[in-house]
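Student: Please see the structure below; I have some questions.
The values are calculated or read from the model by the stated rules, or taken from the named source; none is laboratory data. Computed from a predicted model, the values in this text were never measured in an experiment. All Cβ positions, glycine included, derive from the backbone under ideal geometry; neighbour counts span all protein chains shown.
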Amino acid sequence: MNPPKEVSDQSRLAALEAYDILDTPPEPGFEEVVHIARILCDAPVALVSLVSGDRQWFKARAGFEPCQTDLNSSVCAYVLSEPDLLVIPDLTQDPRTRANPLVLDGPKIRFYAGAPLRTRDGQAVGSLCVIDGAPRPHGLTAAQQSALRNLAAQVMAQLELRRALAERDELITARSEADRRRAALLTLGDRLRDLSTPEEMIRAASEIIGTTLGASRAGFGYLDVDSEHIDIVSDWTKNGVASIAGRHRFQDYGELLPDILLGAPLIIDDVRVDPRTCADPEPMLRLGIGALVNVPVRDHGRTVAMVIVQDDKPRAWSGEVLSFLRNVADRLEVGVGRLRAESDQRVLNHELSHRMKNMMAMVQAIATQTLKGVPDRAPVDALMKRLLALASAHDVLLKEDWSSASLRSITVSALDRFGLGACFEVAGPEVQLGPRATLALSMLLHEMTTNAVKHGSLSTDAGRVSISWRIEADLERPELVVEWRESGGPAAQEPERRGFGSRLIKMGLIGTGGVVLRYLSTGLVAEFRAPLDQAQQS
């Protein structure tokens, strides 16, 4: 006889599949139920039977050898349509079961009693049954029937608990994987900041992708101009997996290009069945590719590169994994773009520096020719040296992309021109100055050093100069303080005549004053103050 129509009901089959129970190993909770059922019902056989669309499978069994049978041998299939117990006193007399192979041959079962295993929403997924080799005209006692129902309820409680634990474990695993992906993105961000070439960035990103996702291979590749080939720069592979770095033609692996060119992720869970690759999956299988994800990197509306992840077996790629890969692709794109921008900026700065030097040389040449006939050469020499100081300050700014410059590098650059490095002591914390303060400090140090060589401590062999700076942060408005202290030379004398150099010194760090000069017998001590935020303004 054909199995009852309830067997193939899709809602019922979906309810059974949701428990993910078929073909799982024995578990004590179910084993104990069948042993109790056999004892209470005084039956040689007891089964927890689950009826799928093509077989009945026994999660637990006592007194019965096979772990499953086909549906033609199933009595439990008839329980699916019963509102309560199904009791058949003599299986040879019931038209539904008298031709059953287990009744006619084999164990020649004669008595059957089964309680449906029903979900909360009423779907019957199988039965808890007892079987005897002899007919039972009176069936089960009322107490045995009640026990069988209660034990069936226990089986369902075990199924629900098992599913709840599985869902909990999946949630814990999902959270753990999400935490690992977040940590991987933070690690990637830190590593990309420290790397100086696109190749290093690609290798770092590939390794982080592969290890985080447990993939067999991860890499990065650039599309050629015609988008017919991809050049895989380098790839990370797990142990025993070969690299596929090099050029590959898309056409050799299936219909991959349409998604890629549109900028959509290329997601293949199984290359053997996916419509884009199933016609000839061998090229991918030979490379150890069972599943893959390619995430495009776009530039001006065109796919120019891809992040590549592959597994050597079929794999379902979750939305969370795709989001992670997009984040990696974005970070890699930004990191590589930053390096390219920095490279372009260095080229531009080099060109600007070259042009600035040419311009300063021209200014000096014009000044030299214009002042050629001036008999007093001292002002002319002073002007030339000030132009050189100005050019040096611009060089420092060029090295720092014109946005800011280190106070230490400004100081060292300004002093280097005098060739008196051993006479200076320079100390202070790392401080960045804006362009205006950079130029002002360079000119200020030039004037101070010039005066020290002419009249101050550096006019003698034993003379020394200490230059230090600090930030006084405990003020209402934090201030930068630069101190110039001379020693080992003659006593400091306040100049009788105020020239351009003196006025320049009085302008201070940002051109607004904040200067205290003390003319001591041990040498000149000068203090220059400016609000820190103004000194760092661009």
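Student: Can you confirm whether region 493-508 contains a residue that is of a type in the set (S, T, N, Q), outside any helix (DSSP H, G or I) and under 18 Å from M443 (Cβ atoms)?
Tutor: No: region 493-508 contains no residue that is of a type in the set (S, T, N, Q), outside any helix (DSSP H, G or I) and under 18 Å from M443 (Cβ atoms).
Student: Please determine whether any residue of region 164-181 is surrounded by 13 or more Cβ atoms within 10 Å (Cβ to Cβ) and within 30 Å of L50 (Cβ to Cβ).
Tutor: Taking every residue of region 164-181 in turn, at least one turns out to be surrounded by 13 or more Cβ atoms within 10 Å (Cβ to Cβ) and within 30 Å of L50 (Cβ to Cβ).
Student: Let me ask something else. V321 fails exactly one of the following numbered conditions: (1) crowded, with 22+ Cβ neighbours inside 10 Å; (2) among the β-branched types (V, I, T); (3) not in a strand (DSSP E or B). What is the number of that condition?
Tutor: The failed condition is (1).
Student: Are any residues in region 95-122 among the basic types (K, R), over 16 Å from V155 (Cα atoms) and at pLDDT 95 or above, and if so, which ones?
Tutor: Result: R110, single match.
Student: Do we find a residue being surrounded by fewer than 17 Cβ atoms within 10 Å (Cβ to Cβ) and among the β-branched types (V, I, T) anywhere in region 491-512?
Tutor: yes
Student: I'm trying to understand the selection: among the residues of region 255-277, which are assigned to a loop (DSSP other than H, G, I, E, B), of a type in the set (A, V, I, L, M, F, W, C) and more than 22 Å from the chain's Cα centre (by Cα)?
Tutor: L256, V271, V273
Student: Also, I was wondering about something else. Is there a residue in region 56-67 that is closer than 17 Å to V125 by Cα and basic (K, R)?
Tutor: yes
Student: Continuing with this model, one more query. Would you mind stating whether V125 is modelled with pLDDT of 95 or more, assigned by TED's automatic domain parsing to the domain that holds V45, closer than 21 Å to D54 by Cα and surrounded by 13 or more Cβ atoms within 10 Å (Cβ to Cβ)? Steps first, please.
Tutor: Values: modelled with pLDDT of 95 or more: yes; assigned by TED's automatic domain parsing to the domain that holds V45: yes; closer than 21 Å to D54 by Cα: yes; surrounded by 13 or more Cβ atoms within 10 Å (Cβ to Cβ): yes.
In short, yes.
Student: Which of the residues spanning region 68-87 are among the acidic types (D, E) and either in contact with a strand residue (DSSP E or B) (Cβ under 7 Å, 6 or more places away or on another chain) or within 20 Å of Q123 (Cβ to Cβ) (or both)?
Tutor: E82, D84
Student: If a residue must be surrounded by fewer than 19 Cβ atoms within 10 Å (Cβ to Cβ), touching a Pro at 6+ places or on another chain (Cβ under 9 Å) and without any contact (Cβ under 8 Å) to a residue 60 or more places away in the chain, how many such residues does region 85-104 contain?
Tutor: The number of residues fulfilling the criteria is 4.
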